[in-house]
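J.: Supplied in structure tokens, the structure appears directly below.
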Amino acid sequence: MTNFILKFGKYKGQQFSSTPTSYQNWLLAQDWFKIPDSKHDPMLAAQKKFSDAHNKLGNWDGHSKRGAAIYDQMFEAEKAMDDAYFNDSDPSSPRWNGEMTFDY
């Protein structure tokens, strides 16, 4: 893990590595402190794909095959975002579609 300056809490202004180990372990165990992992979150993965395709598209004039392929990638990413939004697998989420999924 990289070292950074804490901007909150009891040790505000100190380097993370200079704080007590017990505080470091506690902080790393907090859900609100964790960065979402796009590999396991379908919405974040779809948003990243859309953003990457949008950046590649640039000032597409609507005529090249490469631009058309990138535009198609953006469309697929939008469909993936819709799917991730409306088919949330978390039953406590307001976006849950009511289906049960069991991982064996």
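The values are calculated or read from the model by the stated rules, or taken from the named source; none is laboratory data. In this text the structure is predicted, and so the values were computed from the model without any measurement. Every residue, glycine as well, gets a Cβ built from its backbone with ideal geometry; the counts of neighbours run over all protein chains shown.
J.: When both residues are 6+ apart or on different chains and their Cβ atoms are under 9 Å apart, which pairs have a first residue that lies in the range 19-31 and is closer than 14 Å to K7 by Cα, and a second that is of a type in the set (D, E, K, R)?
T.: Taking only residues 6 or more apart or on different chains, the pairs are T19/K10.
J.: Can I ask one more? Could you identify the single residue in A84, A77 that is touching an Asp or Glu at 6+ places or on another chain (Cβ under 9 Å), at pLDDT below 85 and in a helix (DSSP H, G or I)?
T.: None of the others qualify; the one that does is A84.
J.: What single numbered condition from (1) at pLDDT below 80; (2) under 23 Å from the mean Cα position of the chain (by Cα) fails to hold for N59?
T.: Failed condition: (2).
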